[in-house]
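Okay, structure first, notes after.
The values are calculated or read from the model by the stated rules, or taken from the named source; none is laboratory data. These numbers were taken from a predicted model, which means no experiment stands behind them. All Cβ positions, glycine included, derive from the backbone under ideal geometry; neighbour counts span all protein chains shown. Calculation scope for accessible area: heavy atoms of the full protein, side chains included, ligands and nucleic acids excluded. Shrake-Rupley method; radii C 1.70, N 1.55, O 1.52, S 1.80 Å.
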Amino acid sequence: MGNWRGHLRTITAHKLMVTRYCFRAGICRQGLLHDLSKYGPTEFFVGARYYQGDRSPNEIERLDRGYSAAWLHHKGRNKHHLEYWIDYAPERNYRMSGMEIPVNYVVEMFCDRIAACRIYQGERYTDASPWEYYAKSLDHYMIHPNTQALLEKLLKMLRDQGEDAAFAYIRREVVGPWRRGRRGGKQKGA
């Protein structure tokens, strides 16, 4: 079954790191529930089989099989992945498009990207790493313009101003208004 211990250590370290970031951002429940599907058999056994420690086992499975069954399972169950939000858009003649992602999931996506870069890059990680990883793949993302604008703003703020400034902004200007909007108060745009 490959390196199941190494895989378990990696996904648990990632999950705990995302949980800490989600708590900093003010979306505690999402942090606690983050990536639980990785512990189920569909994702865990594949992850253990293709584990390498310095990159996602999904990449290795994709190279081996031509697709990643674990990734297809994962992205269909975790709303913090932009791929979860791809659907047929009526306003675009029912062409596949990225739907606008609720801000709480964009914030979880931001936390996930930081943690993934920290786990896989280790000592090479900088606050620019999540932006660089995102920008490298931007040409093939299907992402709603509003979601893209918010995610890029957060990633650039992290890159240019650091974690403390980015998380302070998220709590004050993104999650705070979202929470007030959920309680019936007036919601500010992010």
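For (1) in contact (Cβ under 8 Å) with a residue 40 or more places away in the chain; (2) under 19 Å from the mean Cα position of the chain (by Cα); (3) within 14 Å of GLU108 (Cβ to Cβ), each residue gets a yes or a no:
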site: THR12; (1), (2), (3): no, yes, no
site: GLY31; (1), (2), (3): yes, yes, yes
site: TYR50; (1), (2), (3): yes, no, no
site: ASN58; (1), (2), (3): no, yes, no
site: LEU63; (1), (2), (3): no, no, no
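In summary, helices (runs of 4 or more DSSP H) completely within region 6-71 and bearing 1 or more residues that are buried (at least 17 other Cβ atoms within 10 Å of the Cβ) and of a type in the set (Ser, Thr, Tyr) occur at 41-50. Taken over region 72-119, the criterion of being more than 16 Å from LEU155 (Cβ to Cβ) and part of a loop (DSSP other than H, G, I, E, B) is satisfied by GLY76, ARG77, ASN78, LYS79, ASN93, TYR94, MET99, GLU100, PRO102.
Within the option set SER37, SER68, being within 19 Å of TYR133 (Cβ to Cβ) and hydroxyl-bearing (Ser, Thr, Tyr) holds for one residue only, SER68. Of note, GLY47 satisfies the criterion of being within 24 Å of TYR125 (Cα to Cα), in contact with a His (Cβ under 6 Å, 6 or more places away or on another chain) and of a type outside the set (Val, Ile, Thr). Name, by its number, the condition in (1) out of contact with any Cys (no Cβ under 7 Å at 6 or more places or on another chain); (2) closer than 30 Å to GLY6 by Cβ that does not hold for MET157. Single failed check for MET157: (2). Of the residues making up region 113-143, those that are buried (at least 18 other Cβ atoms within 10 Å of the Cβ) and over 17 Å from GLU163 (Cβ atoms) number 2. Scan region 145-166 for residues that are among the acidic types (Asp, Glu) and either outside any helix (DSSP H, G or I) or open to solvent by 60 Å² or more (accessible area, probe 1.4 Å) (or both) and the total you get is 2.
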